[in-house]
Amino acid sequence: MNQIRNNVPGISRRQLLKYSGLGVAAVAGGGLLSACGGGDDGGGGNGGGGPQNNGGILIHGATGGGSKDTLDPHQPVTNPDIARVSNLFEPLLFWNSNYELEPALAESVESSSDGSKWTIKMRSGVTFHNGKPVTAEDAWFSIQRVADPKKPLSAGGQLSQIIDFQSTKVVDDTTLELALKAPYAILDSLLAEYTLGIIPTDFDLANPVGTGAFQYKSFEPGKTSVFTKYADYWGDAAFVDELHIQDFTDDNAKVNALQAGQIQTVDNLPYNLIETIKGAGGGVLISETGAWVPFTMRVDVAPFSDVKVRQAMRLIVDRQAMIDQTLSGYGSLGNDLYAPFDAAYANDLPQREQDIDQAKSLLKEAGHEGLQVELFTGDDISSVAPAAANLFVEQAKLAGVDVKVTKKTPFYDDDYLSYPFAQDFWNTRNYIPQAAVGTFPPAQGGTYNETHWDNAEHRDLVNTAAQTLDEAKRNDLLHQAQEIEYNEGGLIIWGFRQQVDGYAANVQGLEPSKYLPLGSYKFQKVSV
Amino acid sequence: MSQVATLPDPLEEVAPPRGRHGGAAWAVWLLRRIGLALLTLWLVSVLVYVATVALGDPVRAILGRDYNSNPGRVAQLEAQLNADQGLVARYFDWLGGLLTGDPGTSLANQQPVWGQISANVLNTLVLVLLAAAVMIPLAFGIAMISAHYRRRRPDTVIQTILLGLAGVPEFVIGILLVALFSTTVFHVLPAVTLVSPTGHPWDQPAGMVLPVATLVLAVTPYVSRIVRATLLEVLDSDYVELARLKGIPEPVVMRKHALLNAIVPGIQVIALQLAWLAGGVVLVETLFAYPGIGRQLVDSVRNHDVPMVQALSMIIAAVYIAVNLVADILSILLTPRARTAISQ
């Protein structure tokens, strides 16, 4: 019953706060409204569109989680972990809701003319939750923790290889000069990941302090965590007094709780429950993402070593049917290219469509008529993967290709990265970091090169682009690299998933974000 | 004869000690039963250990697709598992820890196992005890009404409903209750149990109503049907007939003569049902997001978190054994012939 009581607008003291904060709230609300006008999908919901209320408790129902949960700012594992670190900690730069860089704890991140030295200017007046001001020393400590060359964490894979740890220096309290071993033109984008939150040099996981709009109160793996509004937040302070993040292992329990008014937001609403939530007066937030579940063909073993076979397989896929059937229509078309939000994304390459005749003739030319292949899939890739694999079997039949699906449990075992034909999952990234980790040989940083793609020309283009500061030139190089992958690559990228989240009728201030679910989990913008 | 037929097994295991003082005989009997329980528990510990070791390589399961790219973490986890020691040495290490109250450290999050499961053990225990407190009087009440109206309309209606309930899986009952009271028809009760990190599920009593009701509805039919069957048998017996002929009023016959004799099989059924509930009703816990040990066990198996799985399995086994021991003792105490057989 606690929740229900908390939804009732507060009294006396809280009322007073509400009025004193009304001016700020109205301005913020207006800003959000205009921002929403620009977006489509009617996402934001924003109920009646009145000014947002201060106070109250926001309870977020997070999908998944369990005893693996952690509050470590740099290695979140589960969905609730991501929601938690996004509210406790902040990186030097933000990806905004349109997946563009924006200053955050750093006022500016600028490179030297050749891109080998980067100067980071810290924002002044930012304090950690314990009152200590944020300095360049803290930023360098955080980067070193993530980019430890011996044990890099998720945001540090690339950083650990390019930072020159000896020559980097903290110039003064607000300036960090990051020296690189070789020029790297998009270093700023590596600093904007939610897994690179800035923490103080005396960070203690038992009492984690960051700079986010909410500060730590309590946490228990697999259960509830509680955060309180950080009054001295450098940006617009949160509307709600407390943020609770509750783990849900079951989708039905999550949606029931939303319907019963016990929680206010949920991430990853199951497609079949969208209408239920709408019917109960709640809102559904739909956001574009760059997340994909490709088919991966190894380019170094038969039959996929023949580029004609690879292109034939790409022509077999009915991409719209994949989206309709495995994502219930909540997706956008893929063109065998990743990083759809990158400024360099090759929009101009013709959209590849199902062409059975062309596929058949390519297979005939390659001498692989009546081809038989084994497709490896598994539930641990994503729930989408087995469904897509089974649908591919049907589509391949049209071209006379006999696909046998083998479901592995677990999929990610010793055979991962050696399957001739399989699937994998990737989240939103820009082209250069994705190409480096997914298409380079392992020795050069391609830790997850499923297709064993090893193309020197492509690699040179990507490496040169990574060192080219001029954006137009860089995008041109990346365009060439994408053309090579479009014509010869081993990935079948049939679509990008749309993120579907849900919220209760009284929730205001959510807007779709291309980066993370529920408006990148920026709960400080949300009022109840 | 009917009485003997309904007696539980424990009698047969116990050779009645002869020529001893009643109290001493009781103590010997009790010690013997507890000894047997501990022996069973030890055998279970061997089984649990062997079974969890056979779960597969936990390190690989924890790291997933990062296994190949992160040899540092692999080495760290393998060191924690003492992978280089022999199976027997590791078993005794673990058993020693268990006996001294230290079941180890979770592999998934590097926190002590006991700290993570103690709250959930308590939560499940409270849920089960609440369900039992509602279920036992309810089941006996229904059985008495049913037996009273035997094979007449009220009995038929009751039996049909009970059979229907027994046929529906407990999570379906739960879903229906949630739709009825929380989300679709009425909005009077919370749909899930939300627990603040410092609190307990029962801090919000309303949140306990639906989980308890679901368990009660799932278990009552079995208990009630068994008690009714026994009651009918007893009501047909000669001594009840004699009591009636002596002019004792029917309610007294039912309470004093029939019910007391029908209670023993009821206790055995209740014990089995409670032990089953205490093992964690995963589906019910999941549906109500109730923080109990069933869900934790599933989560731990999924994470291949061996120390957690072992500790939880041992707790569940201990509850099974304890509940059955208590049921046996109660059965003996409530059966005069068995009682005297021991202290003779």
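Taken together, the values in this text are just the output of simple stated rules run on the coordinates, not laboratory data. Given the structure is predicted, the values throughout are model-derived calculations rather than measurements. We place every Cβ from the backbone using ideal geometry, glycine too, and count neighbours over all the protein chains shown.
Computed quantities for the displayed model
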{"read-out": "Karplus 3J(HN,Hα) series, Hz, for segment A:153-166 with 6.51 cos²θ - 1.76 cosθ + 1.60 (x for Gly, Pro)", "value": "8, 4, 7, x, x, 6, 4, 4, 8, 9, 6, 8, 5, 6"}
{"read-out": "Angle in degrees between helix B:113-148 and the longest Cα principal axis of chain B, rounded to the nearest 10", "value": "20"}
{"read-out": "Point-charge dipole on Cβ atoms (K/R +1, D/E -1) for segment A:74-215, about Cα centre, debye to 20", "value": "300"}
{"read-out": "Percent RCO, i.e. relative contact order, over segment B:117-343, from Cα pairs under 8 Å lying at least 6 residues apart", "value": "25"}
{"read-out": "Whole-angstrom gap from segment A:150-184 to segment A:434-486, using each part's C-alpha centre", "value": "22"}
{"read-out": "Surrounding net charge for A:LEU196, when Lys and Arg each add one and Asp and Glu each subtract one, Cβ distance under 10 Å", "value": "-1"}
{"read-out": "Amide H partners (placed H, <5 Å) of A:VAL405, local residues excluded", "value": "A:LEU375"}
{"read-out": "Degrees, to the nearest 10: A:471-488 long Cα axis against longest axis of chain A", "value": "40"}
{"read-out": "Cut-off 13 Å between beta-carbons: net charge of the residues surrounding A:VAL293, Lys and Arg +1, Asp and Glu -1", "value": "-2"}
{"read-out": "Alpha-carbon centroids, segment B:272-342 and segment A:236-278: separation in whole Å", "value": "32"}
{"read-out": "Neighbouring partner chain Cβ atoms per residue of A:410-422, average, 10 Å criterion", "value": "3"}
{"read-out": "For B:311-322, mean number of other protein chain Cβ atoms within 10 Å", "value": "0"}
{"read-out": "Cβ-placed point charges (K, R +1; D, E -1), dipole of the protein assembly as shown about Cα centre in debye, nearest 20", "value": "4280"}
{"read-out": "Distance in nm between pseudo-label sites at A:VAL301 and B:THR160 (7 Å out along the Cβ direction from Cα)", "value": "6.3"}
{"read-out": "Cβ-placed point charges (K, R +1; D, E -1), dipole of segment B:17-99 about Cα centre in debye, nearest 20", "value": "620"}
{"read-out": "Length released on extending from B:ALA89 to B:LEU47, taking residue separation times 0.36 nm less the Cα-Cα span", "value": "13.6 nm"}
{"read-out": "Relative contact order [Cα under 8 Å, 6+ residues apart], chain A, whole percent", "value": "21"}
{"read-out": "Centroid-to-centroid separation of segment B:135-213 and segment A:296-350 [C-alpha atoms, Å]", "value": "51"}
{"read-out": "Helix-only CD estimate at 222 nm, as mean residue ellipticity for chain A, using -39500 (n - 2.57) per DSSP H run (n ≥ 4)", "value": "-9000 deg cm²/dmol"}
{"read-out": "Packing-based ranking, highest mean first, of A:211-220, A:363-372 given that Cβ atoms within 10 Å are counted", "value": "A:211-220, A:363-372"}
{"read-out": "Value of [θ]222 nm, deg cm²/dmol, for chain B, DSSP H segments ≥ 4, -39500 (n - 2.57) each, nearest 500", "value": "-23000 deg cm²/dmol"}
{"read-out": "Phi-based couplings in Hz for segment B:252-269 (Karplus 6.51, -1.76, 1.60; Gly and Pro marked x)", "value": "5, 4, 4, 5, 7, 8, 7, 4, 4, 7, 8, 6, 4, x, x, 4, 4, 5"}
{"read-out": "In degrees, nearest ten, helix B:71-80 long axis to first principal axis of chain B (Cα)", "value": "50"}
{"read-out": "Length gained when the stretch B:VAL126-B:THR198 is fully extended (0.36 nm per residue, less Cα-Cα span)", "value": "24.3 nm"}
{"read-out": "Where only alpha carbons of the protein assembly as shown are counted, the Rg and the Dmax (Å)", "value": "32.2, 111"}
{"read-out": "Highest-first arrangement of A:82-89, B:232-239, B:71-78, B:177-184, where packing means the average Cβ count within 10 Å", "value": "A:82-89, B:177-184, B:232-239, B:71-78"}
{"read-out": "Cut-off under 5 Å, modelled amide H: who pairs with A:GLU107 long-range", "value": "A:LYS121, A:MET122, A:ARG123"}
{"read-out": "Relative packing of peptides B:86-97, A:489-500, A:409-420 - highest average C-beta neighbours within 10 Å first", "value": "A:489-500, A:409-420, B:86-97"}
{"read-out": "In order through segment B:97-103: 3J(HN,Hα) via Karplus (6.51 cos²θ - 1.76 cosθ + 1.60), integer Hz, x for Gly, Pro", "value": "x, 4, 5, 8, x, 10, x"}
{"read-out": "Length released on extending from A:LYS407 to A:GLU457, taking residue separation times 0.36 nm less the Cα-Cα span", "value": "14.5 nm"}
{"read-out": "Average partner coverage of B:300-309, which counts Cβ from other chains inside 10 Å", "value": "2"}
{"read-out": "For A:ASP148, distant residues with modelled amide H under 5 Å away", "value": "A:LEU153"}
{"read-out": "Over segment B:17-99: Rg over Rh, Cα atoms, Kirkwood Rh", "value": "1.31"}
